[in-house]
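Asks: This is the structure I have questions about; it appears just below.
The values are calculated or read from the model by the stated rules, or taken from the named source; none is laboratory data. Just so it is clear, the structure is predicted and the values come from calculations on it, not from any experiment. In this analysis, Cβ positions are derived from the backbone assuming ideal geometry, glycine residues included, and neighbour counts consider all displayed protein chains.
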Ligand code: ADP
Ligand code: MG
């Protein structure tokens, strides 16, 4: 990879939005692959029982595979479930199996139910630059575990009608977790996804989001791209499926912007590989 500045400590980023279909999983896997291609060591934690991130990374996650469920519910060490992602050096995945659907309920009666993922991450000894956590489309205990474990929340917003709807609830949850369980948690990054520059709607939504959030919104947005949506069915990210595509370049650029922000370097979009 090109080599970007590495963070001074592991950045744990929670990819959350309780709306389904906004690009959480797509963003998690492609950003993670981009950060790894830029030279980082990156772990994806799949926290959605659907296991879409595991599938997209080509990681086996049938029912018997040791998974994040075992970590959360049975205190299995994270190191025992992490698998290397084929084809992308420096990229790893803690897969989700279907068991995880029950964890939301099973966690309720467990000790330290909100901080089980945080503990597992703290006990993980492999050096990492980034951990990206792909959340389910809900604000239940799985998402709370992610928010307790992370420092940063990354919210993908689909450039669609009602894009901002429901975000108030998400932001209130971030505030609650910060107030009670994790004082460092903050929304660091908003990423516009499925952006179609040809439509007025997309630019209106983008403007509305930038007005509402300001600095947190990445200059780079992710275009709507067939290559991005095709890649998961090959168990690949768009970075290996079609490295020259606009989708791949946009995720590489978003990763660069995130990495530079993390070390306080101003991002200069004039160096962008693609139009911002
Ligand atoms: P979520 O995890 O928030 O439910 P996904 O990442 O699974 O959302 O995305 C929802 C659907 O949209 C998927 O079919 C995915 O392939 C598709 N998709 C996501 N991002 C893009 C994009 N930039 N261009 C085209 N399709 C996309
Ligand atoms: Mg998803």
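Asks: Mind checking which residues of region 34-54 are in a helix (DSSP H, G or I), buried (at least 24 other Cβ atoms within 10 Å of the Cβ) and within 16 Å of ligand 2 (Cβ to nearest atom)?
Replies: Those that are in a helix (DSSP H, G or I), buried (at least 24 other Cβ atoms within 10 Å of the Cβ) and within 16 Å of ligand 2 (Cβ to nearest atom): 53, 54.
Asks: If you don't mind, there's one more thing I want to ask. Assuming residue 148 fulfils every condition listed in (1) closer than 30 Å to residue 211 by Cα; (2) outside any strand (DSSP E or B); (3) touching a residue at least 40 places away in the same chain (Cβ under 8 Å); (4) touching a helix residue (DSSP H, G or I) at 6+ places or on another chain (Cβ under 6 Å) apart from one, which condition is it?
Replies: Here residue 148 meets the rest and fails (3).
Asks: Can you find a residue that is within 13 Å of ligand 1 (Cβ to nearest atom) and crowded, with 21+ Cβ neighbours inside 10 Å anywhere in region 256-274?
Replies: Looking for residues that are within 13 Å of ligand 1 (Cβ to nearest atom) and crowded, with 21+ Cβ neighbours inside 10 Å, one finds none in region 256-274, hence no.
Asks: So, residue 14, is that one within 14 Å of ligand 2 (Cβ to nearest atom), more than 19 Å from residue 236 (Cα to Cα) and touching a helix residue (DSSP H, G or I) at 6+ places or on another chain (Cβ under 7 Å) or not?
Replies: The answer is yes for residue 14.
Asks: Scan region 68-83 for residues that are within 19 Å of residue 52 (Cα to Cα) and not in a helix (DSSP H, G or I) and report the count.
Replies: Result for region 68-83: 3.
Asks: Another question, if that's okay. Within region 203-218, how many residues turn out to be surrounded by 14 or more Cβ atoms within 10 Å (Cβ to Cβ) and either under 19 Å from residue 269 (Cβ atoms) or free of Cβ contacts under 8 Å to residues at least 40 places away in the same chain (or both)?
Replies: Residues in region 203-218 being surrounded by 14 or more Cβ atoms within 10 Å (Cβ to Cβ) and either under 19 Å from residue 269 (Cβ atoms) or free of Cβ contacts under 8 Å to residues at least 40 places away in the same chain (or both): 8 in total.
Asks: Condition first: away from ligand 2 (no atom under 16 Å from the Cβ), modelled with pLDDT of 95 or more and touching a strand residue (DSSP E or B) at 6+ places or on another chain (Cβ under 8 Å). Now tell me which residues in region 127-160 satisfy that.
Replies: 128, 129, 130, 131, 147, 149, 150, 151, 152
Asks: Quick one: which of 22, 29, 12 is in contact (Cβ under 8 Å) with a residue 40 or more places away in the chain and assigned to a strand (DSSP E or B)?
Replies: On inspection, the qualifying residue turns out to be 12.
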